[in-house]
Each structure stands twice: as structure tokens, then as C-alpha cells.
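K.L.:
First the structure, which I've put down as C-alpha cells, then a few questions once you've had a look.
The values are calculated or read from the model by the stated rules, or taken from the named source; none is laboratory data. What you are looking at is a predicted structure, and each value in this text was computed from that prediction instead of being measured. Virtual Cβ from ideal backbone geometry, glycine too; neighbours counted across all protein chains shown.
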Amino acid sequence: MTRGTFFLFLLALVEVTTSSKNDTSIREKRDAVLIRSKRRWVLSTIDLEENMPGPFPAVVTQMFNDQKGDNTVKFRISGDGVTKEPLGLFSIDENTGIVYVHQAIDREMNRMFHVDFDVLSRATDQAVDKTLSFNVEIKDKNDNSPVFKPDTIQASISENAPQGTPLTTLQAYDIDQEKTPNSQFNMSVVSQVPDSPKIFLKDLPLTTGTKQLTFTGCFDYDKVKTYKVLVEAKDLGTPTMSSTATVLLNITDSNTHLPEFRSAMYNAEVMEMELNKEILRISITDKDTPNTPASRAVFSILKGDEDRNYKIETDPKTNEGVLSVIRGKNFEKTEITELEIAVENEEKLFQCVDGKPVIGLRPKLNTAKVAVKVIDVNDPPEFKKNVEKVHRNENGAPGDVLFVPEIKDEDSDITKIRYELAKDPAKWVSVDPKTGKITTVQKMDRESDYVSKNGTYTVVVHAIDDGQPPATGTCTVVVYLGDLNDNAPNLTSKSVVMCGNKVNRVSVTPEDHDGPPFSSPFTFSLGGEDELKKLWKLDPTTGENTSLISLTTLPYGNYSVPLKMQDQQALQSEEVLQVVVCECTGGNVCRGRLPLSSRLGPAAIGLLFAGLLLLALLLLCCFICDCQNKNFQHIPLNLQDEGNQTLVKYNEEGGGSIYKPEYLVTDGYRKAENGTLRSPLGYQYNSGTFQEMSNGGGVMSMPYHTWSTVRRERESIRNGGGQLSRSFSLARTERNLAERIERKISGFPEELNDYPAYSPYQYEYEGKGSDCQSLDQLTVSNLGDNLDYLQNLGPKFSTLGGICQQSLEHRNVRP
């Protein structure tokens, strides 16, 4: 009987039992329950074993439904393995309800599938019953062995590691169903090479699938440096499955050998009283790995250096012991010193006896002896004290004996020692070369720059013996100079500025080179006549400093104010304070006139010379160009009757025409007394003629037709005469000015009435005019386009024409 049949049988039994009861209410409740729990689906249990051998497709189960009629319904499934990944794993025969599986299933990939079953009407393709959902469970099979992660392990252990030290940790896992024999496994050491010391596995508490590799006994780096251990993990499933991991164990060297000296006895020499010098190097041998704590040497002096005169250190590069003298030895006290030297390693010695480590054993160190010979040298003379202190008052009379040395020398005759001064910066003392007596030769001033701030003067004397080579002893004599009141107060600054536009007082600050009680506080008073006290006063009159106050408003200038100052012991001085009263611009700086001259810097001078050289170069180029012109022709100039070559500018004040204008009638023109128009350039308009007026009364007339005619004549003169046209004042006006004047003149009668009439002011007379003949006296006749009159313009124009002609010919300009 299948599970589905058994389930229907139980359901029918419950229905029959319930109908035998007479209680209506209970029956109604039972009917309601039966309606809600009525099952129309009948199916077999779906359990699949993983990795089914096939063939495929294979029948899994068959679905039944009480709504099924003859070919009126069909079956459909969906969900995992059908419409979801992995697709195509399950299928159903829509007519019979048989479910098929199409391939083997790996439980480690898919442990369970959730599948939905539906029954549909063939006619409408609509569901005729509720969807039935159930899970397809995959039963586990022992198809996976335990796996190590990683399967090869590299580990290192020191040779001196105590037994029981963890070597490494191994971890494995099995992906078969948890908490079943298929996923449970054991670990064990299958083999080790070599086989001593014994290596085994140890469980770790509170862990699963993890164990530690450890050992008992000792490792010996000199015999074996690498171990290979094979560990196996085997599960409990049927059939059992297993895998292995390989542990490669590297042994590192430790200190298992003591260092040894190459010799039991060494010899060294050192000069007497020599220090801070290397005197011997000691080498050793060590069987442990070089340049490791197991082989690095550590030296020590066990005996013979009770005075701490020597030290021994290790050279990190060569591993040698370096013996040095750090404190000199005197030959008269010791001739040969014997030292006992020991050596050991940085790392403690490790020993293994009968396969077991020895703990707490301190081995005997290797030692060697060093005989150090002290060689006698000439010892320098020794002063009783290296520093002598002497007290004297300043300004003592010369000849005072400051110091007589006491000296001893174990190698030389004291009577043959000579003395020299090594330091006497102020040249105040002398030394007796035989006795070393130091005597003053000048007065010693405490306020000197050679005396320190604490009032001491330092003298250094040398004592030199007659040994080979000569030895020198040194003594420093410090002279403490007592202070005397030998300096009166004086002003730190004898000139001050009093800003008359700001304050009426200035600070007065004295100084005294003496120390207390021969210096401040000072007493201040005014010197000179009583009239000064009406102008000035000092406030305060005692103290470190004071202020000079003006009692009245003083005119700007320089003032001399005599002052009297006394120190604390009434030593007085008189000085004159120069006071400048002025208007200040900023701070205490008087406002002054700008300097009349200035100094050029190197850059400005360089630029000036460069400009001069450039100008000379340009002039030279012009000269060369003129000389190289093949068409150059000298034209003789008429230099007779030249007169004074003076140019007068007529449109400036004081030098214009004698005609005086009365009022302005048009832009730039004035109306003269006779009704003519005067231009600012010295021209007048009268009856159709322009005339240029001169200060000598001469008139240069020009016929007036139209201003265009004048402009054409001016252009004709310019084209014919070249540079000659510049002699006329008309050529000095710009083209636009000429056109403006023409427009004004063409409307003169009407425009004249539009301007207000006024009389311009009389120009001031600024001196006599030039004695030279004025250009105003040159007259241009009313000849139209006839320019013959230009040939007889006088000696001045002849000279000017010659110059212009040369320039035109030099430029190849056709006249």
C-alpha cells in the first residue's frame, strides 16, 4: 500500500466514525471541517537519490486528482527544475500525471526542489483545482571525500623550540550532508621523513575539522634541516573516502655551539696616557649559521680592567672583538696589564641530551688572555690646578703679580721648563718665561670689550718641558675684576627731534658702563643760564631716564640744551643735547625739501652711455649714407646779408604782432581795430587778402580769391619748393584746420554778428622783440599761379632754398 492510498483510507475512516454520532451541532461542525480539509489531490512521495545511475528519463512519481474526467483535464508542473534553474530537470505527462527526471542530481549542488502542480481544463485551459506545492528532497550519498585547505603547507620551527610547540594547524571539511557519517572524518599522521623526533596531531578544543601538528624530543639542525609529514583525513561513510595533505617543515638554526677563540693568548701595545684608540682585534670561530643571533659574538672583559681603562666591542661586519683604550695609563704606575676576555653569543646556548632538551644549564664560556704593554712617553708638566681664580679691582697699577704657578713633571727637570702666554687678548699681562709668574703691564678696565659680562678676564699660560718631543701643560687663569666708579653717565643719543605739530617732549636716555651701585638711578638737571629754565624743564629729575619738556611754543629750528647728570655715587657729567624742532611727516622725521640732486645707479649710468652710443651710431650712419650718394651735388649758397639767424615764434605771449586784437569773432580769429580778422598764427584777413603781421610792422600780403585757391597755391609752393613751403606759416596748420577756416570765412558777414563782442585782454610786454628782420615783411603779391616772385625772396630764403635743394637731390626727389 502506498502512502497516498493509506491517507485516503484514514480519511474515509474518520468520516464514517463521525456520522454515527447524533449530535447535530457536532455533525455540522464536522461537515464544515471536512469541506475545508477535503483533498482532491492524490500523489506518491517524491524522494530522489543523488547521482541516480539512469537510464533517463526516469519515472519519479504519478499525480492523481478527483476532478479528472475522461480527457477533460490535463496536468502541468512549474517551479524549481522546470521553469526555474536548473531548467529541464523535471517534466510531467499532461494526460497521465507521470513525473519524469531527465538527469542525475548532485545533492551538493541542489539539496531540494520546490515544485507546483496544477490541473487544467482542456477546453478552457483554466485551473479546475487549487495548486498543490510540495518539495522534492534529494537523499545524500557518500560521494565526497574530506578536503584539506590547503593541501600543501610550508612551516618553520626553530631548532631550540621546546617539545610540544605547535608546528602548524591543519583544517579539512567534507561537503556531504552534515551530521552524518558521510561528512564526519578523522585525521592522522600517515608518515614522516625522517622519523625522529616524533610528530603527531593534537585536537583543538571547540573546533571541528581542525588539528595541530606538534612533536616530542629535539630537532637537530646540523643533522636534518627539512621534514616531510603526510596527514590523512578519512570519513565514516559507506564506502569510506579520504584525502591527504603534505606538511613541509623547515628547521632554522639556533645556538647549539659556543664561539671559540683562535688563540689562547694575545699581545697589544698602547702609548702612555693614550686614549680613545683601537689597540687589538680578536677573531673567533662559530659553527652556527653566520650572521644570525646564534653566531654573533658578544665579548666581555672578565679580569684585569678594574680601573675601567679599556673596552671591547663587536665589529658587526667581521664579528671580531675590537679592544680599545678609553683612559690613559701612566707608565710609572703600570708597565704591562693582563686582561681576560670572554665570548658568547647573542642567543642563549641550547643543548639536547638523549633526545631531550636540557633546560637551565649554563655552560662554561671560552676565554683568552690579552697582555697590554704600556709604552713610556714624555708626560707634560702638570699644574697644581688646571684653572686658577684671581680677584682684583679694576684700574690697578701695572706691575701687580696675579699668579705664580706650582708645577710638577715626573719625566723632566722642572728648572728647564719654560712658560708662554697662550691667551691674553687685551695685552694686559706678561709672564716670566722661567718662573711662570704672571704680572700686569697695563691697567685692567672692567668695562673693556675683552671682559665678559660677569666681569672676568681670562689668561691661558703654557708650561713646556725639554723632553723629546716637548710636552706642554696648560693652566687657565680667570681674573675677576671688581668694579670702581670710573665712568660718568653719558647720553645714548645726543640729538633728538621734537615734532612741533604733535608733542612738546622728548625722551632723554643716559647710560653708565659701571655696575651697581655706581650707576643708576641718575639725577638730572639743566645746565647753562637761567633763561633756559623758562624754555625747558626735565621730568622726572631722578630715575633711569627722563624727558625734556618745552614750556613754550618754540619756532622751528635747532636748539642746544646743556644737561647735567649724576650717578648714584654723585659722579657728574655735563653734555649738550641737540634738539631739532620741526614739523614731522611720520614718526620723528622732519618734513624737508626734496634733494636738489640725485645719484644715478649703475643701471641708469649704463643706459645713459648706451643711449649716447646709439645716437653716435645713428649720426655716423647718416653721414655715411650722405657721402655714398653718387648724385650729391654741392649747390653754392648765397651767404651774404645773412644777419642774425634767429627764429621767433609769433603765437606766444609778448612776441606777437604790434596789431592788438579787440574781440573774438570766430573760432581762433580776432577782429582788429581796422575791421580785419586776425588768426592766432599771426595772419590777418583784410579785403580778400591774408597778411602776416610782424612785430616790426612788415606785412606779407596774399591775394584772396577763395581759401581753396590759397590752399592750391600752398600746395603748388610745397610741390615746387619742397622744404621751402615750410617757411610759410600757412604750412604749420593741419588740413582740417584749413578747411574749418575756409568754412568760417565763406560765411563771414553773417557769422560775424552771431558772436558777442568783447575786447580781449592786453598781452603783457615780455621784452623787446628780435632785432632780426621779421618774416612778416615778406610780401606775396597777388599773382595767381605765377610763382616767379619766389626767386627773389632775399638772402635768408636763398640760404634756406639751397639747404632744401640739397636735401631733395640727396633723396632723388624731382623738383
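K.L.:
Pull up segment 233-280, narrow it to residues that are at pLDDT below 90 and charged (D, E, K, R), then point me to the one that is nearest to Asp140 (Cα to Cα).
P.N.:
Here the answer is Glu274.
K.L.:
Further, regarding this structure: Taking segment 399-415 as the region of interest, how many residues are in a strand (DSSP E or B) and of a type in the set (Gly, Ala, Ser)?
P.N.:
Selection size over segment 399-415: 0.
K.L.:
Still on this structure, I have one more. Looking at segment 338-364, which of the residues that are assigned to a strand (DSSP E or B) and farther than 27 Å from Ile279 by Cβ is nearest to the chain's Cα centre (by Cα)?
P.N.:
Top of the filtered list is Gln351.
K.L.:
Report yes if some residue within segment 446-458 is in a strand (DSSP E or B), surrounded by fewer than 14 Cβ atoms within 10 Å (Cβ to Cβ), touching a residue at least 24 places away in the same chain (Cβ under 8 Å) and in contact with a Leu (Cβ under 8 Å, 6 or more places away or on another chain); otherwise report no.
P.N.:
Checking segment 446-458: not a single residue is in a strand (DSSP E or B), surrounded by fewer than 14 Cβ atoms within 10 Å (Cβ to Cβ), touching a residue at least 24 places away in the same chain (Cβ under 8 Å) and in contact with a Leu (Cβ under 8 Å, 6 or more places away or on another chain).
One line per residue, one yes/no per condition, for (1) loosely packed, with under 12 Cβ neighbours inside 10 Å; (2) under 56 Å from the mean Cα position of the chain (by Cα):
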residue: Gly500; (1), (2): no, yes
residue: Val508; (1), (2): no, yes
residue: Glu511; (1), (2): no, yes
residue: Pro517; (1), (2): yes, yes
residue: Ser520; (1), (2): no, yes
residue: Phe524; (1), (2): no, no
residue: Gly527; (1), (2): no, no
residue: Glu531; (1), (2): yes, no
residue: Leu535; (1), (2): no, no
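K.L.:
Please indicate, with yes or no, whether at least one residue in segment 391-401 is more than 11 Å from Val477 (Cβ to Cβ) and among the acidic types (Asp, Glu).
P.N.:
yes
K.L.:
Scan segment 278-337 for residues that are within 30 Å of Glu410 (Cα to Cα), free of Cβ contacts under 8 Å to residues at least 60 places away in the same chain, part of a strand (DSSP E or B) and aliphatic (A, V, I, L, M) and jot them down.
P.N.:
Answer for segment 278-337, where residues must be within 30 Å of Glu410 (Cα to Cα), free of Cβ contacts under 8 Å to residues at least 60 places away in the same chain, part of a strand (DSSP E or B) and aliphatic (A, V, I, L, M): Leu323, Val325, Ile336.
K.L.:
Among the numbered criteria (1) over 30 Å from Asp411 (Cβ atoms); (2) at pLDDT 90 or above, which one does Asp424 miss?
P.N.:
Result: Asp424 fails condition (1) only.
K.L.:
Let me ask another. Determine if segment 553-572 includes at least one residue that is assigned to a helix (DSSP H, G or I), modelled with pLDDT of 80 or more and surrounded by fewer than 13 Cβ atoms within 10 Å (Cβ to Cβ).
P.N.:
no
K.L.:
Continuing with this model, one more query. Restricting to segment 452-471, what's the tally of residues that are at pLDDT below 90 and touching a strand residue (DSSP E or B) at 6+ places or on another chain (Cβ under 7 Å)?
P.N.:
Number satisfying all stated conditions: 2.
K.L.:
Continuing with the same structure: So, Pro290, is that one modelled with pLDDT under 95 and under 17 Å from Glu320 (Cβ atoms) or not?
P.N.:
For Pro290, the condition - modelled with pLDDT under 95 and under 17 Å from Glu320 (Cβ atoms) - is met.
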